[in-house]
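The values are calculated or read from the model by the stated rules, or taken from the named source; none is laboratory data. Keep in mind the model is a prediction, meaning the values are calculated, not measured. Reconstructed Cβ throughout: ideal geometry from the backbone, glycine too, with neighbour counts over all protein chains shown. With ligands, DNA and RNA removed, areas are computed over all heavy atoms of the protein, side chains included. Shrake-Rupley method; radii C 1.70, N 1.55, O 1.52, S 1.80 Å.
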Amino acid sequence: YVDQVELEQHDGVSSGKYTIGLGQSKMAFCDDREDISSVCMTAVQGFMEKFNVSYSDIGRLEVGTETIIDKSKSTKTVLMKLFEESGNFSVEGIDTTNACYGGTSALFNACQWMDSAAWDGRLALVVAGDIAVYASGNARPSGGCGVTCMLVAPDAPLALEFPLRGTFMEHIYDFYKPNLSSEFPTVDGPLSVTSYVRAVDHAYTAYLDKLERSGVAHASLKDIDYLVFHSPYTKQVVKGLARIAYNDFLRAADTPADFQQFRDVSREESYGNKVLEKAFITLSKDDFKKKTEPSLLAARDIGNMYTGSVFFGLASLLTQVPYAQLEGKRVAMFSYGSGCAASLYSFRVRADTSAIAQTIRLKERLEARTKVSPVEFERAMELREKTHNAQEYEPTGNVDELFPGTYYLQKIDSMWRRAYGRTPLN
């Protein structure tokens, strides 16, 4: 990882631009030794080993990612290499893609498969993650890299509140990747921020409407114990919860005297109203500290993981909050993908989550990483840019620096076929 304070100094920007302005502390990245297939293999194989799950028991595997290295072959098919020893090749699912929303869609697909007549009694794996890289400039500090692997099964400790779900989708060009010869996206930053909070508005109110139809009177944030957001950078999450407070304000019958001025602001005008934004950030400060901040451990220290981001938020919550405080609680998840697709849905904590937190060891693994200088980081980014989708290529990154059990790219042959190895576990 690279330290964001050091990156500020290296880039010659004002102190606090990345750490305070974006709310970031560290940023994970990888060199040419890792690609989306290798990092997904690392996550899946590590999951199966740590939780002692058999590949024979898996009937569906779906991958949510926007990091595409092939316009035809899915990352899921590469992961089938891990199933060979078990002899299990009857595994449904492929890749699901729409910016940062693909992981959520993959999770919904797996849950709906298990809830349907098509379910054959086996379990499902959902993989969500990306390598988030940007061209040199203002957006680069909002990159990151991370992959999550989740098991979908009956009687789970985190029980999906099906069908409580609010979804919002519209056509917009805020972040997209039209240039397939580059890893870098095309980004309209201000539009993306507006699109994010607009999606919060619509997905949240749709969720509350369903919550009320289920029997909850005057539903609001008071009926949600913890709220996890997709985090492109953590300052955006602060704004996200402020919009939740704003929407509760609009739905409430009573208006505090000092907030009456905001009743006359139209919803469209509210997106650019900095006075309104600041007021609701202040109003939601206590709720943010209690209900959302515990979910930002990984986001601050890894950066954006695109499809994996919201699930790293869930892992952070389980790490930061002991089960005694989570038992029976409702955990809501807001997932946003540019373009745009968004959903807000929820879980109930039905059984002890301590074993999950103890097994993933999120804090320990974050602390065990190697810090490199901004100069080394820039070199790695230049290397990735030069070698993106190369033909007949042998990576130069040092395999010895990878964690035990990490899959890595060995070579790309003349037909663009990729070969992978794995570092020893011990």
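Helices in the chain, meaning DSSP H runs of at least 4 residues, each add -39500 (n - 2.57). Divided by all residues, the mean residue ellipticity at 222 nm is -10500 deg cm²/dmol.
When all protein chains stay in place and ligands, DNA and RNA are ignored, the 1.4 Å accessible-area order of H388, H202, largest first, is H202, H388.
Set the Cα radius of gyration of segment 103-236 against 2.2 N^0.38 Å, with N its number of residues, and you get 1.26. Between the alpha-carbon centers of segment 377-420 and segment 212-262, tell me the distance in whole angstrom. Segment 377-420 and segment 212-262 have Cα centres separated by 44 Å.
A Gaussian network model of the chain, with springs between Cα atoms under 10 Å, assigns the largest mean-square fluctuation among V200, V147, V349 to V349.
Taking Lys and Arg as +1 and Asp and Glu as -1, the other residues whose beta-carbon sits under 14 Å from that of I131 total -4. Computed over segment 310-426, the range of Cα coordinates on each principal axis works out to 54, 41, 30 Å, biggest value leading. Straight-line cross-link reach from K290 at under 14 Å between alpha-carbon atoms covers these aspartates and glutamates, not counting any fewer than eight positions away in the same chain: D223, D225. Inverting the pair-averaged 1/r between distinct Cα atoms of segment 41-120 gives 13.4 Å as its Kirkwood hydrodynamic radius.
With r as the distance between the Cβ atoms of D115 and A368 and R0 = 41 Å, compute the FRET efficiency 1/(1 + (r/R0)^6) and round to 0.05. With R0 = 41 Å, the Cβ-Cβ based efficiency is 0.60.
Per the Debye calculation on segment 1-134 with a single equal scatterer at every Cα and no solvent contribution, log₁₀ I(q)/I(0) for q = 0.09, 0.20 Å⁻¹ amounts to -0.36, -1.15.
Over all other residues within a Cβ to Cβ distance under 13 Å of Q4, the charged ones net out to +1, with Lys and Arg as +1 and Asp and Glu as -1.
A quarter of the convex hull surface defined by the alpha-carbon atoms of the chain gives 20.8 nm² as the mean projection.
Rg and Dmax, both from the Cα atoms of segment 62-171 and both in Å, are 15.9, 50. If the elastic network links every pair of Cα atoms under 10 Å, which of F51, F334, F347 fluctuates the most in the Gaussian network model of the chain? Largest GNM mean-square fluctuation: F51. The accessible-area ordering, largest first, of the residues W119, W113, W416 stands as W416, W119, W113, per a 1.4 angstrom probe. DSSP bridge analysis restricted to the chain gives an antiparallel fraction near 70%, rounded to the nearest 5. Beyond 20 Å in Cα-Cα separation lie the following of the pairs K81/K363; K26/K386; K222/K329: K81/K363; K26/K386.
Determine the relative contact order of segment 317-426: mean sequence separation of Cα pairs under 8 Å and six or more apart, normalised by residue count, in whole percent. With pairs under 8 Å counted, the relative contact order is 17 percent.
For segment 173-306, the equivalent ellipsoid derived from the Cα gyration tensor has semi-axes of 28, 18, 15 Å, listed largest first. The order of K235, K50 by accessible area, most exposed first and with a 1.4 Å probe, is K50, K235. Listed values for segment 48-54 are Karplus-derived 3J(HN,Hα) couplings in whole Hz (6.51 cos²θ - 1.76 cosθ + 1.60, θ = phi - 60°), namely 4, 6, 5, 9, 6, 9, 8, and x replaces Gly and Pro. For the chain, the longest stretch holding no GluC sites (Glu not before Pro) located in a DSSP loop with at most 16 other Cβ atoms within 10 Å is which? The longest such stretch corresponds to 1-169. Roughly what % of Cα-Cα distances in segment 19-80 sit above 13 Å, to the whole percent? Value for segment 19-80 (Cα pairs over 13 Å): 72 percent. Backbone phi angles across segment 299-307, fed through the Karplus curve with coefficients 6.51, -1.76 and 1.60 (θ = phi - 60°), yield HN-Hα couplings of 4, 5, 9, 10, x, 6, 10, 6, 5 Hz in residue order; Gly and Pro are listed as x.
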